[in-house]
Every structure is written in structure tokens, then in C-alpha cells.
Amino acid sequence: MVTQIFGRKKSKDTQKAVRFFKERKIPVQLIDVDEKMLSQGELQSILRYYSPEELIDKEAKIYKKRGYAYMDFDPLEEIFEYPELLKVPILRMDSGVLLGYDEQQYRILLKEKP
């Protein structure tokens with residue numbers, strides 16, 4: 001399986017994640033969630049590691065603007081309606097899934113020495 005990074009081209013964290021793998025000559029497939037949302041299969045593989053609530057970016061402008069902190073809502077339904085709520089980058093490899101940019105965790109997944 002190719003390393004997949006679900007993110008946004010304009011996201012600094014997504015750019016850092018892509019750079020991290022390219023510097024190590026590990027091919028990555030960047031999927032811009034603003035252009036192509038996660039498929040059901042992709043989403044299910046991510047949900048094996050994270051709850052739907054963890055996929056919500058509580059720092060996103062839309063999260064604050066719509067007042068999600070004060071609402072009861074279905075996270076998956078809202079993510080599909082408002083993809084900008086999705087926390088990125090999401091890294092998917094054979095060895096697991098990671099949410100958000102975390103260089104230390106990337107190194108662990110790659111079994112790289114710190």
C-alpha cells in the first residue's frame with residue numbers, strides 16, 4: 001500500500017507531512033479532501049483507529065463559526081457536509097493510521113531511530 005496523506009494543499013501541517021516522507025524518499029499519495037472527500041472504505045479504515053469525534057478539528061474556523069462546541073451533532077454527517085471540519089493531515093499506511101502532524105509518531109511508524 002502506498003502511503004496516503006489525506007489533507008489540504010494549503011494546510012501547513014499537510015505540507016510538512018508530505019515533506020517529511022519525500023525527504024525520506026517514501027512515495028506518498030496526497031488526497032486533497034477539499035477536492036475529493038474520503039470514500040466509505042477509506043473512512044472505515046480510519047475509524048478502526050479513531051472515533052468520529054476525534055476526526056473533528058475543533059480549531060477550524062467553521063467549528064467556531066457554527067458553534068459546534070454548544071451543539072449535539074453527528075460528527076460523520078457534519079464532516080461529509082462540511083469537509084473543512086475534518087482534522088488533517090490523516091496519514092494512512094500499512095502499519096497504521098495517524099491523525100494530525102506528529103513527526104515523532106511518523107518516525108515510530110517507519111521504525112526510524114530518533
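The values are calculated or read from the model by the stated rules, or taken from the named source; none is laboratory data. Given the structure is predicted, the values throughout are model-derived calculations rather than measurements. Virtual Cβ from ideal backbone geometry, glycine too; neighbours counted across all protein chains shown. Ligands, DNA and RNA are stripped out before the accessible areas are found, and what is left, the full protein with its side chains, is counted by its heavy atoms. Shrake-Rupley method; radii C 1.70, N 1.55, O 1.52, S 1.80 Å.
Hey, got a sec? Which chymotrypsin sites (Phe, Trp or Tyr not before Pro) in the stretch 1-97 land in a DSSP loop and have at most 16 other Cβ atoms within 10 Å?
Listed in order of number, the matching sites are Y49, Y50, F73.
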Mind checking the stretch 37-114 for trypsin sites (Lys or Arg not before Pro) that DSSP puts in a loop (not H, G, I, E or B) and that have at most 13 other Cβ atoms within 10 Å? R48, K58, K111
To make sure I understand the rule: partners must be aspartates and glutamates, Cα under 19 Å from the Cα of K36, and not fewer than 8 residues away in the same chain. Which ones qualify? D13, D57, E77, E78, E81, E84
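For the chain, with all protein chains present and a 1.4 Å probe, just round the carbon and sulfur fraction of the accessible area to a whole percent.
49
For the chain, what is the calculated [θ] at 222 nm in deg cm²/dmol (nearest 500), taking -39500 (n - 2.57) for each run of four or more DSSP H residues and dividing by its residue count? Mind showing how you got there, number by number?
Details: 5 runs with 39 residues, N = 114.
Computed ellipticity for the chain at 222 nm equals -9000 deg cm²/dmol.
Assuming R0 = 41 Å, what is the FRET efficiency of K25 and Y82, from their Cβ-Cβ distance, to the nearest 0.05? Each step should come with its number before you reach the end.
Values: r = 36 Å, r/R0 = 0.87.
Between K25 and Y82 the formula returns 0.70.
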Checked against a 24 Å limit on the C-alpha separation, the offending pairs among K64/K87; K9/K64; K9/K87; K22/K64; K25/K58 are K22/K64; K25/K58
Work out Dmax and Rg for the chain from the C-alpha atoms and quote the Rg first, both in angstrom. 14.2, 44
Efficiency of FRET from Cβ geometry, S51 and F73, R₀ 22 Å, rounded to 0.05: 0.95
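Ignoring GluC sites (Glu not before Pro) that are buried or in helix or strand per DSSP, and keeping those with at most 11 other beta carbon atoms within 10 Å, what is the longest stretch of the chain between them?
Details: sites that count: E35, E59, E112.
Counting at most 11 other Cβ atoms within 10 Å as exposed, the longest clean stretch of the chain is 60-111.
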